[in-house]
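Heads up, the thing below is written out as structure tokens.
The values are calculated or read from the model by the stated rules, or taken from the named source; none is laboratory data. Every value quoted in this text rests on a predicted model; they were computed, and no experiment measured them. Here the Cβ positions follow ideal geometry from the backbone for every residue, glycine too, while neighbour counts run over all protein chains shown.
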Amino acid sequence: MTFNPKSLSTLLLILAVFVSTIAASAQEPAGDSDVEWYPIAENVYQLRYENHYTMFVVTGKGVVAFDPLSDEAAEHYVHAIKSAAPDKPLLAIIYSHWHTDHSSGANVLRREFGHDVPIIAHERTLARLKELDSEDIPLPTSTVSDAGRTLRYGDTDIELRYIGYGHTDTMLVARLPGQKLVYVVDFASRDSVGWREMPGWPLDEMIAMQQRLLELDFENVAFGHGRAGPGNRETIKRQTVYYENLLTETGAAIKDGLSEDDAVVRAAQNLPQYRGWGNYDKWFRLNVRGAYRWVQEREPKQ
């Protein structure tokens, strides 16, 4: 039998995730089954609060935290950071984009780690949050343009990239070259269908954005939504195929003269492979409706 160090490393990481998940869950107060945190790469941890995920990175100089999610989630975030990196400072908070279900909660982190902790986001996130004018969401103190930016904390690099407007034109993708990991929020999820009717989503650009993501050098993906744990490049490809299938199916239904209701029925019959995906029962049929309307709006006018 040939010894494979890479296989051993993978096995050890899986074991570490399993053990840490149990430990982290046990550390949370009773009744908090909607909260867990666990390692997903070297010095990188993922936190789940209800149906949202975020992540934080432990560097030689301190901790970098991504989306705080909400005040309630941030209370657990504080506990996770202090448990994983006791006595280390919080060096920065990074917003992936401006949407409030991801950008809320920074006040709680700052209360615990210092009110001068910098907040980094895309420059259009700053503009949107200024318009929102919410005391619950502190404004970014440093911004990133479409050209992107690389941050260095000790010996850890974090690349912040803008690769498209598939969910919002404020979206940043984080890439950690040392861990070959990317952090992806909302424009792709781990083996889950889209949110409701995917209102206002530019589906063609979202697919293009997923394809641009695959041009980056990474192996694993931390998601903001979907099934627990990290995914990989194949996860992104499956997500792209899902949306392509939705558009193909609904486009064919429109061409065949089917109503929206009939298109939903036929899509459920023709795409059985997604029945095991997250939120299928809640949102798959709504996804079909959203895709049907999106395709219909782009049909040539007679």
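Laid out as a table, the results:
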read-out	value
Strands (runs of 3 or more DSSP E) contained in the stretch 80-159 and holding at least 2 residues modelled with pLDDT of 95 or more and either more than 21 Å from the chain's Cα centre (by Cα) or within 25 Å of Arg48 (Cα to Cα) (or both)	90-94, 119-122, 149-153
Any chance Glu36 is among the acidic types (Asp, Glu) and modelled with pLDDT under 95	no
Given (1) out of contact with any Asp or Glu (no Cβ under 7 Å at 6 or more places or on another chain); (2) in contact (Cβ under 8 Å) with a residue 24 or more places away in the chain; (3) assigned to a helix (DSSP H, G or I); (4) farther than 30 Å from Leu214 by Cβ, index of the condition Ala73 fails	(4)
Number of positions in the stretch 179-201 that are farther than 14 Å from Asn232 by Cβ and of a type in the set (A, V, I, L, M, F, W, C)	6
Considering residues of the stretch 197-231 that are polar (S, T, N, Q) and crowded, with 16+ Cβ neighbours inside 10 Å only, the residue nearest to Gly251 (Cα to Cα)	Gln210
Residues that are charged (D, E, K, R) and part of a loop (DSSP other than H, G, I, E, B), drawn from the stretch 162-182	Asp169, Lys180
Any hit, the stretch 282-296, residues being more than 23 Å from Ile40 (Cβ to Cβ) and in contact with a His (Cβ under 7 Å, 6 or more places away or on another chain)	no
From Gly290, Gly251, Gly276, Gly257, residue being at pLDDT 95 or above, at positive phi and either of a type in the set (Gly, Ala, Ser) or surrounded by fewer than 14 Cβ atoms within 10 Å (Cβ to Cβ) (or both)	Gly257
Verdict on Gly148 being more than 20 Å from Asn245 (Cβ to Cβ), in contact with a Phe, Trp or Tyr (Cβ under 9 Å, 6 or more places away or on another chain) and surrounded by fewer than 18 Cβ atoms within 10 Å (Cβ to Cβ)	yes
Odd one out for Gly60 among (1) surrounded by fewer than 24 Cβ atoms within 10 Å (Cβ to Cβ); (2) in contact with a strand residue (DSSP E or B) (Cβ under 6 Å, 6 or more places away or on another chain); (3) under 21 Å from Asp157 (Cβ atoms)	(2)
Close pairs from the stretch 151-180: first farther than 30 Å from Trp294 by Cβ and in contact (Cβ under 8 Å) with a residue 24 or more places away in the chain, partner in a loop (DSSP other than H, G, I, E, B) and among the basic types (Lys, Arg), Cβ under 8 Å, at least 6 apart	Tyr153/Lys61; Gly154/Lys61
Per-region count, the stretch 258-296, residues among the hydrophobic types (A, V, I, L, M, F, W, C), closer than 17 Å to Leu203 by Cβ and assigned to a helix (DSSP H, G or I)	10
Verdict on Leu286 being touching a residue at least 40 places away in the same chain (Cβ under 8 Å), farther than 30 Å from Leu160 by Cβ and touching a Lys or Arg at 6+ places or on another chain (Cβ under 7 Å)	yes
Any hit, the stretch 187-194, residues being among the acidic types (Asp, Glu), surrounded by fewer than 19 Cβ atoms within 10 Å (Cβ to Cβ), in contact with a Leu (Cβ under 7 Å, 6 or more places away or on another chain) and in contact (Cβ under 8 Å) with a residue 60 or more places away in the chain	no
Identity of the residue in the stretch 85-107, out of contact with any Ser or Thr (no Cβ under 9 Å at 6 or more places or on another chain) and surrounded by 19 or more Cβ atoms within 10 Å (Cβ to Cβ), that ends up nearest to His225 (Cα to Cα)	Ile94
Arg124 being buried (at least 16 other Cβ atoms within 10 Å of the Cβ), under 22 Å from Gly224 (Cα atoms), in contact with an Asp or Glu (Cβ under 7 Å, 6 or more places away or on another chain) and free of Cβ contacts under 8 Å to residues at least 60 places away in the same chain	yes
